[in-house]
1. Only one of (1) more than 10 Å from chain A (Cβ to nearest Cβ); (2) buried (at least 20 other Cβ atoms within 10 Å of the Cβ) is not met by B:VAL84, so which one is it?
2. In this structure, is B:PHE75 surrounded by 18 or more Cβ atoms within 10 Å (Cβ to Cβ), touching a residue at least 40 places away in the same chain (Cβ under 8 Å) and either out of contact with any Phe, Trp or Tyr (no Cβ under 6 Å at 6 or more places or on another chain) or of a type in the set (S, T, N, Q) (or both)?
3. Looking only at segment B:4-18, which residues are buried (at least 17 other Cβ atoms within 10 Å of the Cβ) and of a type outside the set (Gly, Ala, Ser)?
4. Please go through segment A:9-31 and give me each residue that is modelled with pLDDT of 95 or more and either open to solvent by 30 Å² or more (accessible area, probe 1.4 Å) or under 30 Å from B:HIS128 (Cβ atoms) (or both), ordered by number.
5. Output the residues belonging to segment A:19-39 that are of a type outside the set (S, T, N, Q), under 20 Å from A:HIS66 (Cα atoms) and facing another protein chain (nearest Cβ under 7 Å).
6. Tell me, which residue of segment B:45-61 that is modelled with pLDDT of 85 or more, within 14 Å of chain A (Cβ to nearest Cβ) and open to solvent by 90 Å² or more (accessible area, probe 1.4 Å) is nearest to B:ILE33 (Cα to Cα)?
Amino acid sequence: MADISPASATTPVTHVPAWAWALAAVAVFVLYLLTQENGALLSADKAMYLHELTHDARHALGVPCH
Amino acid sequence: MTFPAFLRRGAAAGAAGGFSAALVEWLVVEPVIRRALLVEDARAARHHEHEVPLVTRTAQFGAGGVTAIVVGVIFGVVFTVVFVRLRDRIPGTTDLGRALVLAVTGFAVLTLLPALHIPANPPGVGDHETVNERTLIYVLTLLVGLLGVGAVSAVDRRLRRRATDPVRQALDIVVGVIWAGGALLLLPDSPDAVPADVPAGLLWDFRLASLAQLSMMWLVVGVVFGLLVDARTLRPQRVPQLTA
C-alpha cells in the first residue's frame, strides 16, 4: 500500500484520465446490453436469447421488461 | 493514491456489492418470481398456450445472479469515476463520508425515485407493446433525478455566503423534496394496468424484494469503497483534509 503516503493524503486526486471516461462509457454500454437490449442492436433472436438469459435480473433490478 | 488505485478499489467494492445483491436476488427475489411464474402458467393454461422456453429456469436463476454481479462491477467503475471527479465537491470531511454521501445520493436518484414512479414488476405484469414507452419514462425519471442533484448543489452554492450552515442545509433538503415530489407528480405514468390475476400481495412483495436487492448493492458499494479508499482505514493517525 505504497500509495497511502502523507502526500496523497493532503493532495487528493480529482483528475479522471481520458481512458477512464472511455472505460465508464463501455461499462454503461454493457449495462445497457444486460438490462435493456431487446433488438435495437443485436439480431432479434440473439436479443431474445440475451433477454431471456438476463430475465430474472432485469425484473429484480426494476428496469422495464417485456 | 493514483486513479488506477481508486479504480481497483472501486471494482472490488462493485464486485462485493454485486455479489451481495446476487445473494438477495437468489434468496429473496427468486421465491417471489416463482410465485409470479405460477400466475403466468395458470394464465397460459387458461388460454391453452404452451411456450417452449428459450432458456431453462435453472439457467435463468443462475444467469440472473451473475448478471447482478456484473452490474455491481459496472456500478463500482462508474461510482469510482464520479467519486474521483467530484471528490472536492461531495460534502464530507473524509473519503468514507464522501463515499457514503455519493452512495446515498445514487440510491435516492437512480433507485428510489424510479422505484416510486415506475416501480419494478414481476413476470406476468408488463405489456410487450408498451416496453419502449415505459423505458422512455424510466430513463426520463433518472435524468430528472440527476438534474435535481444539480439543482440542489446549485442552490447550496448560492446559499454558502448568504445563509448559516443549518439554514442552508435545511433549504437544500426542501429543494430536493420539492424537486422529487414535482417529478413524481409531473412525469408521465406507466401506461400499463396490472392484470387482474396478479395478486396485490405478490406485486408488493416483488417491489419490496427488488428494492431490497438494489439497496443492498448501494449499501455495500458505498461502505466497501469508502473503507478501501479512506486513508484512515489502515493508518488511523492520519486524517486526510481537503484543501478547499
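1. Of the numbered conditions (1) more than 10 Å from chain A (Cβ to nearest Cβ); (2) buried (at least 20 other Cβ atoms within 10 Å of the Cβ), the odd one out for B:VAL84 is (1).
2. yes
3. Correct list: B:PHE6, B:LEU7, B:ARG9.
4. Those that are modelled with pLDDT of 95 or more and either open to solvent by 30 Å² or more (accessible area, probe 1.4 Å) or under 30 Å from B:HIS128 (Cβ atoms) (or both): A:ALA18, A:TRP19, A:TRP21, A:ALA22, A:LEU23, A:ALA25, A:VAL26, A:ALA27, A:VAL28, A:PHE29, A:VAL30, A:LEU31.
5. Passing the criteria: A:VAL30, A:LEU31, A:LEU34.
6. Selected residue: B:THR58.
The values are calculated or read from the model by the stated rules, or taken from the named source; none is laboratory data. Model, not experiment: these values are computed from the prediction. Cβ: placed from backbone, ideal geometry, glycine included. Neighbour counts: every protein chain shown. When the accessible area is computed, the model is the full protein with side chains, heavy atoms only, and any ligands, DNA or RNA have been set aside. Shrake-Rupley method; radii C 1.70, N 1.55, O 1.52, S 1.80 Å.
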